[in-house]
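Participant: Sharing a structure here in C-alpha cells format.
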Amino acid sequence: MTSAIDQRLQEAMASIEAIPVAKVTGRLVKVTGLMLEAVGCRLLTGQRCLVETGSGEKIEAQTVGFNHDVAYLMPIRPATGLFSGARVWPVEGECHLNISDDWFGRVINGLGEPIDDLGTLGLGERISLQGQAVNPMKRQPITQPLDVGVRAINSMLTMGKGQRMGLFAGSGVGKSVLLGMITRQTQADVVVVGLIGERGREVKEFIDHALGKEGLAKAIVIASPADESPLMRLRASQLCHRVAEHYRDQGKDVLLLMDSLTRYAMAQREIGLALGEPPATKGYPPSVFSMLPQLVERAGNSHHPEGSMSAIYTVLTEGDDQQDPIADSARAILDGHIVLSRQLAESGHYPAIDIAQSISRTMPLVVDKPQVENVMQFKHLYSRYQEVKELIPLGGYQPGNDEVMDTAVRVYPALMSFLQQAQDEASDFGKSQQQLAELIGEIGHGR
C-alpha cells in the first residue's frame, strides 16, 4: 500500500513540470506614430516583446523607455492592425543569432534574415547580439598598415589594422564608388558592409556595380534601407559590428564598412524625439551623442594577438558643411578622416579626396620616417599652390619671387595626377609608397 502511494506521489511530482506555467501579459493602451504604450507587465529597457494584432499575428517590438507603469515600445517592422487592449508578451533572454560562413556573399537584414532570395542560411555558431566592451588596457596596439588598394590612401593617409576612419562626403561626389574600390581591393580576410538608411534602389546598385561579384564573394552585406523602422536601422548597425567582432575574435583581419554613421544617428534621433527628449543641437537629442562613441568603440583591435577590426564610417555632410554636428562629433571619436571634395569631383578628379583636409592619426605608427617626410613635403607643395591658385588665371602670380611657390606651381599637375586612380585600377601598399618616393625624388632633382 505504501509503495503504491509513493509511486503515485512520484508520478504527480514528475507531472508538475509538464503543467504549463502562466505567463504575465500586458496590454496595449496607446499608439502614437512609431511609439506604442503598454501597461500591466514588467518590461526592461532593451527587452524584446511580442504584440498581438487584429489578425492574430504577433509582431516583435523592443522596450525603449518607460514612464511610471507605462512602458514605451517600438516595433522592429512596420506595424499594422494594432488595437486597444492588445496583449503584450515579454520575451525572456538576450537576442541571439546564428553566424556561419554561409553569410559570405549574401545580403542580410537587421534580424539576420537573407533578403537576396538565394535560400536559407546555415545554423552555424549561436552568439549574442550584444557584444562585450573591450578593456582599453587590453587592446592590441596598431602596428601594421592596412592595404586598401587606393594609392591616395595607401601613400598619403595610410591606415593601420584596427584603425577607425571616417569618410566625409556630400551627395554625388563618388562615395559609393570609393567604398566599392576599397571593398574589392583591401587585403582583409573578411569584409562586412553595412548599408544603413540608404535608398532601397542604391542597395542593389551598390552591390551590382560598386561591389561586383569579386567584392561580394568575400563580403557580408547587411542592409536596412530608409523605409524600415529606426529600430531596424539601429539593429542592423549593431549586427554589422557584432559580425565583425565575431570574426575578429577568431584571429582574422576584418574590415567593416558602414554607410552611414549619419543615418544611424538619424535613426536614434527619431527614437529620442518620439520619447520626448529635447532637441539639443540641430534637432539631435543628447542620446545621439552618447550612443555614437558606444558604437564606434566596438571597432578596433581587441585582446586577441592576431585578429584586427578596421572600420570605415561614412559621414554625410549636408550641403558640404564640415561643421555639421554629427560630422564634428565623428571627427572627435574617430582615428582620422578622409574628406571628399565636390569641387574635385566636378572637375573630373577621382577619387575626389581632399588631401589638405584629410588626415590619418595612426599613420606615424605604421610607416617609416622617410615615408612621413615624403607626405609632409607633398602636402607642403600642395598647400602652397592653393595659396596662389586663384591668382594664376588673373595674371597676379609672377614667378621668380618665391622658389618654393614656383616649384609648387610647376609640379602641381604631377601631384594631382598621382592622386587620381581609375575605378578598376589597383595600387597596393608597396607600389603606392614607391610611386610617392619616386615623385618626391623627381621634384627634388628639379624634373
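Participant: In the stretch 362-385, which residues are open to solvent by 60 Å² or more (accessible area, probe 1.4 Å), over 19 Å from E438 (Cα atoms) and touching a residue at least 60 places away in the same chain (Cβ under 8 Å)?
Facilitator: Step one: list which residues in the stretch 362-385 are open to solvent by 60 Å² or more (accessible area, probe 1.4 Å), which gives 364-365, 368-370, 373, 376-377, 380.
Going one step further and asking which of them are over 19 Å from E438 (Cα atoms), we end up with 364-365.
Answer for the stretch 362-385, where residues must be open to solvent by 60 Å² or more (accessible area, probe 1.4 Å), over 19 Å from E438 (Cα atoms) and touching a residue at least 60 places away in the same chain (Cβ under 8 Å): just L365.
Participant: Suppose we filter the stretch 175-219 for residues that are in a helix (DSSP H, G or I) and not hydrophobic (A, V, I, L, M, F, W, C); how many remain? Full working, then the answer.
Facilitator: If we filter the stretch 175-219 for residues that are in a helix (DSSP H, G or I), which is where we start, we get 175-185, 200-217.
Then keep just the ones that are not hydrophobic (A, V, I, L, M, F, W, C); that gives 175-176, 180, 183-185, 200-202, 204-205, 208-209, 212-215.
Within the stretch 175-219, residues that are in a helix (DSSP H, G or I) and not hydrophobic (A, V, I, L, M, F, W, C) number 17.
Participant: Only residues in the stretch 128-154 that are under 15 Å from A422 (Cα atoms) count as the first member; pair them with residues that are assigned to a loop (DSSP other than H, G, I, E, B), Cβ under 6 angstrom, at least 6 apart or cross-chain, and list the lot.
Facilitator: Listed by first residue and then by second, the contacts come to V148/T186; G149/A426; R151/Q421; R151/S427.
Participant: Please indicate, with yes or no, whether at least one residue in the stretch 190-203 is under 30 Å from Q433 (Cβ atoms) and open to solvent by 10 Å² or more (accessible area, probe 1.4 Å).
Facilitator: No, because not a single residue in the stretch 190-203 is under 30 Å from Q433 (Cβ atoms) and open to solvent by 10 Å² or more (accessible area, probe 1.4 Å).
Participant: If you don't mind, there's one more thing I want to ask. Which of (1) open to solvent by 40 Å² or more (accessible area, probe 1.4 Å); (2) modelled with pLDDT under 85; (3) within 28 Å of K431 (Cβ to Cβ); (4) in contact with a strand residue (DSSP E or B) (Cβ under 7 Å, 6 or more places away or on another chain) is the odd one out, the single condition H209 does not satisfy?
Facilitator: Going through (1) open to solvent by 40 Å² or more (accessible area, probe 1.4 Å); (2) modelled with pLDDT under 85; (3) within 28 Å of K431 (Cβ to Cβ); (4) in contact with a strand residue (DSSP E or B) (Cβ under 7 Å, 6 or more places away or on another chain) one by one, H209 breaks only (4).
Matching residues to (1) of a type outside the set (V, I, T); (2) over 20 Å from A352 (Cα atoms):
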residue	(1), (2)
L394	yes, yes
Y397	yes, yes
V411	no, no
Q423	yes, no
D428	yes, no
K431	yes, yes
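Participant: Tell me the residue from D253, D227, D249 that is under 25 Å from E318 (Cβ atoms) and open to solvent by 10 Å² or more (accessible area, probe 1.4 Å), please. Give the steps one after another, and end with the answer.
Facilitator: On the way: D253 fails: under 25 Å from E318 (Cβ atoms); D249 fails: under 25 Å from E318 (Cβ atoms).
Only one candidate qualifies: D227.
Participant: Let me ask something else about it. If a residue must be of a type in the set (D, E, K, R), touching a residue at least 60 places away in the same chain (Cβ under 8 Å), closer than 16 Å to G180 by Cα and out of contact with any strand residue (DSSP E or B) (no Cβ under 8 Å at 6 or more places or on another chain), how many such residues does the stretch 212-235 contain? Reasoning before the result, please.
Facilitator: Just the residues of the stretch 212-235 that are of a type in the set (D, E, K, R), to begin with: 213-214, 218, 227-228, 233, 235.
Among the residues that remain, those that are also touching a residue at least 60 places away in the same chain (Cβ under 8 Å) are: 218, 228, 233, 235.
Remaining after also requiring closer than 16 Å to G180 by Cα: 218.
Adding the requirement that they be out of contact with any strand residue (DSSP E or B) (no Cβ under 8 Å at 6 or more places or on another chain) leaves none.
Number satisfying all stated conditions: 0.
Participant: Can you tell me which of G307, G272, G348, G300 is assigned by the TED database to the domain that holds Q144, surrounded by 20 or more Cβ atoms within 10 Å (Cβ to Cβ) and on the phi > 0 side of the Ramachandran plot? Write out each step before concluding.
Facilitator: Details: G307 fails: on the phi > 0 side of the Ramachandran plot; G272 fails: on the phi > 0 side of the Ramachandran plot; G348 fails: surrounded by 20 or more Cβ atoms within 10 Å (Cβ to Cβ).
Within the list G307, G272, G348, G300, the selection yields G300.
Participant: Sticking with this one: Give all pairs with beta carbons closer than 8 Å in which a residue from the stretch 386-397 that is under 17 Å from P413 (Cβ atoms) meets a residue that is of a type in the set (F, W, Y); count only pairs at least 6 apart in sequence or on separate chains.
Facilitator: Final answer for the pair search is V388/Y397.
The values are calculated or read from the model by the stated rules, or taken from the named source; none is laboratory data. If you're wondering where the values come from, they're calculated on a predicted model, not measured in any experiment. So basically every Cβ, Gly included, is an ideal-geometry build from the backbone, and we count neighbours across all protein chains shown. Accessible surface areas use protein heavy atoms only, side chains included; no ligands, DNA or RNA. Shrake-Rupley method; radii C 1.70, N 1.55, O 1.52, S 1.80 Å.
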